[in-house]
1. Full extension from Asp534 to Asn122: what is 0.36 nm times the residue separation minus their Cα-Cα distance, to one decimal in nm?
2. Roughly speaking, what is the stretch gain from Val595 to Lys179, that is 0.36 nm per residue apart minus the C-alpha to C-alpha distance, in nm to one decimal?
3. Excluding residues on the same chain fewer than 8 positions from Lys266, give the lysines whose Cα lies under 29 Å from its Cα.
4. Explain nothing, just the number: dipole magnitude of the chain about its Cα centre with +1 on each Lys and Arg Cβ and -1 on each Asp and Glu Cβ, in debye rounded to the nearest 20.
5. Give me, ordered by chain and number, the residues 5 or more places off Ser96 or on other chains with an amide H under 5 Å from its own placed amide H.
6. What is the extension gain from Gln455 to Asn542, computed as 0.36 nm multiplied by their sequence separation minus the C-alpha to C-alpha distance, in nm to one decimal?
7. Spelling out what I want: for every residue of the range 102-114, take phi, set θ = phi - 60°, compute 6.51 cos²θ - 1.76 cosθ + 1.60 (Karplus), and round to whole Hz; glycine and proline get x.
8. Using 7 Å Cα-to-Cβ label points, what is the Lys624/Ala304 separation (nm, one decimal)?
Amino acid sequence: MKKLSLLFALMLFIVSCKDDKKQADKKDVAKNVKEYSIAQIMDNERVFGGSFSPDKSKLLITSNRSGIFNMYTIPTGGGDYTPITQSDSISIYAVSFFPEDERILYRMDNNGDEIFHLFVKNTDGTSTELTTKEGARASFFQWAKDKKSFFYQSNERDSRYMDMYEMNLETFTSKLIYKNDEGYSIGGISDDKSRLAVSKSINTNDSDLFVYTIATKKLAKVNTQLSSNSAEEFSSDNAALYYTTDADAEFSYLMKYNLADGTREKVLSKSWDISGSYHTTNDTYRVTYINEDAKNTIEIQEVATGKNIDLPNFDNQSITNVGFSWDETKMRLFVGGSNTPSNLYVYDLKTKDLKQLTNTLNKTVELKDLVTAKVIRYKSFDGTEIPAIYYLPHQASADKKVPALVWVHGGPGGQSRQSFSPLIQYLTNHGYAVLAVNNRGSSGYGKTFYKMDDQNHGEGDLQDCVEGKNWLASQAEIDGDKIGIIGGSYGGYMTMAALTYTPEEFDVGVNIFGVTNWIRTLKNIPPWWESFKDALYLELGNPHTADSVRLRRISPLFHTDKVTKPLMVLQGAKDPRVLQIESDEIVAGVKKNGVPVEYLLFEDEGHGFVKKENQIEAYSGILKFLDQYLKKETPFKD
């Protein structure tokens with residue numbers, strides 16, 4: 001017995017020593033945290049894309065290293081970037097190398113107005129605009145199997161609906177493949193060009209999925225019940241359609257619909273949503289993306305064996321996206337985490353050689369100073385479990401409490417994910433904890449949770465944010481008297497709803513292009529949203545009916561007299577989704593209360609700020625505002 005007691009005491013001593021070491025390590029990190037300027041944080045680079053050239057010697061990428069997005073190539077063996085475009089005013093986004101030569105397809109809009117046009121960069125350096133109709137938007141769909149054309153969607157015929165076109169790669173002449181008069185969304189085209197997958201939104205979760213035969217113009221319905229259904233791809237033999245559905249389930253799984261007899265079979269299911277799945281060009285691999293607790297999980301199955309291949313291990317970072325060369329011998333990977341921007345790698349599938357091509361983290365920023373997100377859950381007012389992503393500054397402790405922010409994502413049906421956010425890292429680096437709440441109505445946690453905010457916006461979802469604040473206040477490291485709320489788009493609406501309908505809960509609010517008048521916003525949605533306008537009305541309310549009474553009640557603009565806490569508003573003048581007048585009017589209304597209000601308007605931005613100089617002004621402005629009114633380093637004087 002004495003031996004057991006001694007053993008137990010020894011174990012306690014070891015555990016105690018380990019805990020003491022952890023605390024000592026944490027204090028050491030907190031003591032040595034270096035604060036970074038917004039210029040340093042924004043000097044991190046954002047890279048995406050990664051199209052292989054036909055000879056696999058280089059990758060085509062989009063990067064904001066110049067201050068706005070431009071196109072570059074980078075050797076697959078490693079080396080320096082080669083700029084393809086050098087715009088200093090409008091961002092340019094790469095689509096892809098052409099399949100059999102080094103011409104480049106790319107897209108541009110006008111400073112965020114979302115009216116994208118398609119262009120080709122010729123091998124002699126000249127550019128040609130391919131979709132020229134003013135006011136019409138175009139989006140690349142996919143390359144044809146024979147590599148002689150590509151498919152794209154455009155609303156040039158009718159501003160409300162996206163038709164499907166095919167464009168010849170030699171003549172750059174296009175022909176209409178599918179005239180979309182019924183407001184369907186196009187989800188796929190078969191390799192033999194005979195069929196399309198199209199869907200019709202029922203509400204913001206559920207849709208009907210059809211196979212449309214181009215020759216006969218006939219539709220065959222794929223789903224048999226009300227559910228979320230999304231086309232993934234047609235099989236390479238043109239005999240089946242792969243699609244995801246949540247029929248009789250909380251989470252989406254992968255199904256196969258056989259065109260000949262209309263039978264269906266389950267292919268793959270997980271305990272989270274399968275958010276995408278496709279076969280590589282020659283059917284060597286099937287790639288599947290799983291939205292696992294707000295983070296991508298990727299599985300790559302070797303079709304011949306049915307086994308998942310082993311992928312490189314990146315320790316605390318995750319593979320977020322992959323792409324393959326045309327011959328499927330090489331794969332490019334983006335790898336990142338909540339505390340670091342994603343880097344681009346090339347992986348040889350035969351030799352297993354892995355090559356890192358980019359270093360996106362600013363060399364003056366040390367990884368140890370940035371914060372790794374932690375997934376937490378808390379109970380809301382009605383017992384509903386709310387998931388959230390928590391960022392706790394290294395310098396926070398029970399002895400040194402820090403102010404905090406509830407962060408609300410866009411949507412309404414969006415999701416805060418475990419990915420790198422320069423603004424969140426900037427705030428945490430300067431001593432603000434951030435709780436990114438995935439309130440009811442967020443995607444990724446099952447369809448029941450997703451539907452919980454239907455016709456309930458500014459109510460149940462707002463209470464989830466308030467309970468998030470209460471969770472923060474209960475943490476030993478948080479100053480419960482200094483908690484604000486911040487968000488963009490729908491998150492901006494939630495910020496204004498919080499300051500309006502729960503005026504004593506939060507100490508400040510930062511509204512980034514948020515909706516403040518639902519009636520006006522829903523009446524002025526972009527014309528190309530027509531295909532899911534009715535679904536949007538079902539979730540939020542129809543502004544042309546008696547629903548307008550409730551929409552007025554939940555619109556902060558009509559209740560600005562209730563706002564008593566300092567407010568900051570940020571807006572892009574080109575925003576086609578949340579019009580500038582939304583921010584203009586909420587600022588004017590709140591100012592009448594004598595409440596401190598700061599307003600930043602960017603003339604050359606849309607729904608989201610993409611230019612580094614504007615991001616620097618916006619993010620540094622947010623920190624200055626928070627330091628004054630939340631951290632209260634500089635007392636406010638009337």
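Quick note: the coordinates plus some simple rules give every number you see, no bench work behind them. Keep in mind it's a predicted model, so treat the numbers as computed, not measured. Cβ atoms come from the backbone with ideal geometry, glycine included; neighbour counts cover every protein chain shown.
1. 144.1 nm
2. Taking 0.36 nm per residue and subtracting the Cα distance, the gain is 144.5 nm.
3. The reachable lysines, counting only those whose Cα sits under 29 Å from Lys266, are Lys145, Lys193, Lys200, Lys217, Lys218, Lys221, Lys256, Lys295, Lys307, Lys447, Lys451.
4. 1080
5. Excluding prolines and chain starts, which carry no amide H, the hits are Leu105.
6. 30.3 nm
7. Whole-Hz 3J(HN,Hα) from phi for the range 102-114: 9, 5, 10, 9, 8, 9, 8, 10, 10, 6, x, 7, 6.
8. So the two model labels end up 6.2 nm from each other.
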